Amino acid sequence: MKHNNLLLLHGALGSEAQLQPLQQLLSKDFNVHTLNFEGHGGRKSNRGFAMEYFAENVVEKLQELKISQTHIFGYSMGGYVALTLAKKHPEMVDSIVTLGTKFNWSLESAQQEVNMLNPSKIEEKVPAFAKHLQQLHHPNDWKEVLQKTADMMLALANGKRLTDDDLQQIPHKVLIGIGSLDTMVSVAESEHAAALVSNGTINILEGVKHPIEKVDMNILAAVIHDFLA
């Protein structure tokens, strides 16, 4: 019998489509759900991007599904949204697994990320990625998705981030996953976050890079399953 609900949350510039292989692997043991954050995967949004808004999207989805509490797996930005939700609505969250979630939002690190979100550079240097983003977010303008994401990253650096104090107040069981080959998120910042959360654990996945498309889904599904079981 599947009594446990599990919600999978996608990363920045992504959509729920990226999590379908993982959903299939986990659906024999959990009632697995996904959603697109507003402005992603073709979903409308008439405002800027913010972690609080994405956390609101999760609350709405759970209410729509009539789910009062769920486990959450969040990839990259999705993990940040999960922790934001755990702080704002602790009663809705059971436990959390993250992978590749960035915690160090200094101005310098945010600027580094923002520099990589330049649409004309992406069109010139990685046209296949530009086309992928266009298809993924249609009918929304993918360039607007990049701009809103960049603005959100700078807002995190300017005080909208989860503080050490916020993380310390999260009571849930949390597994912070980080790939040993991740170039966007450091093992050090992941260890720091895991140490702050009162029930936090770090899990370093050897040989794993940041992009979810490059992660072995069988290994990831096993990590999630073992932690939540």
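Just so you know, all these numbers are worked out from the coordinates, no wet-lab data involved. Predicted model only: the values in this text are computed from it and were never measured. With ideal geometry, Cβ positions are generated from the backbone for all residues, glycine too; neighbour counts draw on all protein chains shown.
Side notes on the structure shown:
- FRET E, pair Asn31, Gln111, Förster distance 45 Å, beta-carbon r, rounded to 0.05: 0.65
- In Å, descending, principal axis extents of the Cα set of the chain: 49, 34, 33
- Checking the cross-link pairs Lys87/Lys160; Lys44/Lys102; Lys87/Lys173; Lys28/Lys214 against a 18 Å limit on the alpha carbon distance flags Lys44/Lys102; Lys28/Lys214 as lying beyond it.
- For region 89-229, averaging the sequence separation of C-alpha pairs within contact (under 8 Å, six or more residues apart) and dividing by the residue count gives a relative contact order of 30 percent.
- Calculated [222 nm] ellipticity per residue, helices only, for the chain: -13000 deg cm²/dmol; basis is -39500 (n - 2.57) per DSSP H run with n ≥ 4, divided by all residues, nearest 500.
- Here the Gaussian network model covers the chain, with springs between Cα atoms less than 10 Å apart; of Ser76, Ser186, Ser45, Ser45 fluctuates the most.
- Region 163-185 and region 1-65 have Cα centres separated by 19 Å.
- GNM flexibility winner over the chain from Val208, Val174, Val81 (Cα, springs under 10 Å): Val208
- Where labels lie 7 Å past Cα in the beta-carbon direction, separation of Lys121 and Asp141 in nm: 2.1 nm
- Spin-label zone in region 180-195 - amide nitrogen under 18 Å from a point set 7 Å from the Cα of Glu213 along the C-beta vector: 182-184
- GNM top mover of Asn199, Asn140, Asn46 - the chain, alpha-carbon springs below 10 Å: Asn46
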